[in-house]
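Quick one: the structure is below, questions incoming.
Only the coordinates and a few stated rules stand behind these numbers; no lab work does. Note that the coordinates shown come from a computational prediction; the quantities given were computed from them, not determined experimentally. Every residue, glycine as well, gets a Cβ built from its backbone with ideal geometry; the counts of neighbours run over all protein chains shown.
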Amino acid sequence: MSWLLANWKANTDLQTYLKLVSMIPDGSSTTIIIPPHPYIWPVSKVLPAGVKLGAQDVSIFESGAHTGEVTSEMLKEMGVSHVLVGHSERRSSSDTFGIVDRKLSRILSENLIPIICCGMDKVPSTQEDITQLADMIPSLDKCAEAFIAFEPIFAIGTGITPSIEQIDDVLKKLAVVLRSRYPKCKLNCLYGGSVNSNNIEKINALSSCDGVLVGSSSLNEKQWEHLIKSCKISS
Ligand code: PGA
C-alpha cells in the first residue's frame, strides 16, 4: 500500500468532507486526512477504522495568551496524529525556516508525526539543488518518524508536474541525503503537486516514493475514488 495524504486546505464545507470520508474503506491505515482546524473534530467522529487524522498547521507556542493559535496539545486531544509543516503556501506568507523549526519542536513535544514539505520553483537537478531541498528541513535528530513531501512549487494546483523520471531522481537523491543526516529517523518520502487519476499509478509504481500528498484531486469525488483504489493496491 502507498500512503495517501489528503490536504483539504481552506476549501469547501463539512457536508463535502463527510461524504469524502465516507468513501474511504475501513482498514485504510495508510490514509491521512488533513482537514482545516474547525473540521478536525467532526471528521474524527466519522473516520473509518485505521484512517489517520492530520492537521494543516500548529502554533509555535506551547499555550497561553496567543489569540487565534492552536497548540500541538490541543491537536493531540482532538485525535490528530500527524501535522503538516513547511508547506510552500505557508512558507510564502509567514513560515520562515526558524518558524518551521519551532513548529517541528512543538509537534515532537506531543509525540506527533511531522509531515514536512520542501520544494523549489524548478525541478532540482544538481546535487546543490538537492542539498538546498534537504536544508529546507529542520533537524530530524530528535524525530523517530517523519514524512517528507517533495512538492515543486510550480506543480501545486497547476496541473503541471515534473516527469516521472524527474520525481524518481529527486526522491532517490533526497532520501540518500536525509537518511545519511538522520539515520535514526524512519523517513517516508512522498511526492505532492498536481497528483490526479492520470498520474497516480505511475507515481505509486516508483520504488523511491512511499506515497502522495494530494490537494485539489482529493476534493473531487471521482478523482478521490480513483486515488483511494490506486493507493490501496500499490505496493
Ligand atoms: P495539489 O496540492 O494537489 O492541488 O497540487 C498539493 C499540495 O499543495 O499539497
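How large is the Rg to Rh ratio of the range 1-98 when both quantities use alpha carbon positions and Rh follows Kirkwood?
The Rg/Rh ratio comes out at 0.98.
Additional query: Can you give me the relative contact order of the chain as a percent, contacts being Cα pairs under 8 Å and 6 or more apart? Write down the numbers at each step before the final one.
Details: 450 pairs, mean separation 48.6, N = 235.
Relative contact order, the chain: 21 percent.
Right, here's the next one. Calculate, axis by axis, the spread of Cα positions in the range 24-76 along the three principal axes, and write the results as whole Å, longest axis first.
41, 18, 13
Follow-up question, since we're still on this one. Which of the aspartates and glutamates could a cross-linker span from Lys103 if the Cα-Cα distance has to be under 20 Å and same-chain partners fewer than 8 positions apart are dropped?
Result set, ordered by chain and number: Asp57, Glu62, Glu69, Glu73, Glu77, Glu89, Asp95, Asp135, Asp141, Glu145, Glu151.
Sorting check: for 50-57, 35-42, which peptide has the highest mean count of neighbouring beta carbons within 10 Å, and how do the rest follow?
Details: 50-57: 20.0, 35-42: 16.8.
Per-residue Cβ counts within 10 Å, averaged per peptide and sorted highest first, yield 50-57, 35-42.
When the Cα atoms of the chain are enclosed in a convex hull and the volume is divided per residue, what value in Å³ results?
Values: hull volume 27.1 nm³, N = 235.
Output value, Cα hull per residue: 115 Å³.
According to a simple spin-label model (label point 7 Å from Cα along Cα-to-Cβ), what is the distance in nm between Glu69 and Trp41?
2.1 nm
Let me ask something else about it. Gln132 to Ser93: extension gain in nm, 0.36 nm per residue of separation minus the Cα-Cα distance?
On the way: separation 39, 0.36 × 39 = 14.04 nm, distance 1.97 nm.
Net length gain for the segment: 12.1 nm.
Quote the FRET efficiency, to the nearest 0.05, computed for Asp13 versus Ser139 with a Förster distance R0 of 45 Å and r equal to the Cβ-Cβ distance.
Numbers: r = 38 Å, r/R0 = 0.85.
E between Asp13 and Ser139, to the nearest 0.05, is 0.70.
What ³J(HN,Hα) values, in whole Hz, does the Karplus curve 6.51 cos²θ - 1.76 cosθ + 1.60 give for the range 127-139 when θ = phi - 60°, with x put for Gly and Pro?
5, 5, 4, 5, 4, 4, 4, 4, 6, 6, 9, x, 4
Could you state the number of Å between the C-alpha centres of the range 17-85 and the range 169-195?
24 Å
Mean residue ellipticity at 222 nm from the helices of the chain, using -39,500 (n - 2.57) per DSSP H segment of n ≥ 4 over the full residue count, to the nearest 500 deg cm²/dmol? Walk me through the intermediate numbers first.
On the way: 9 runs with 82 residues, N = 235.
Theoretical 222 nm ellipticity from helices: -10000 deg cm²/dmol.
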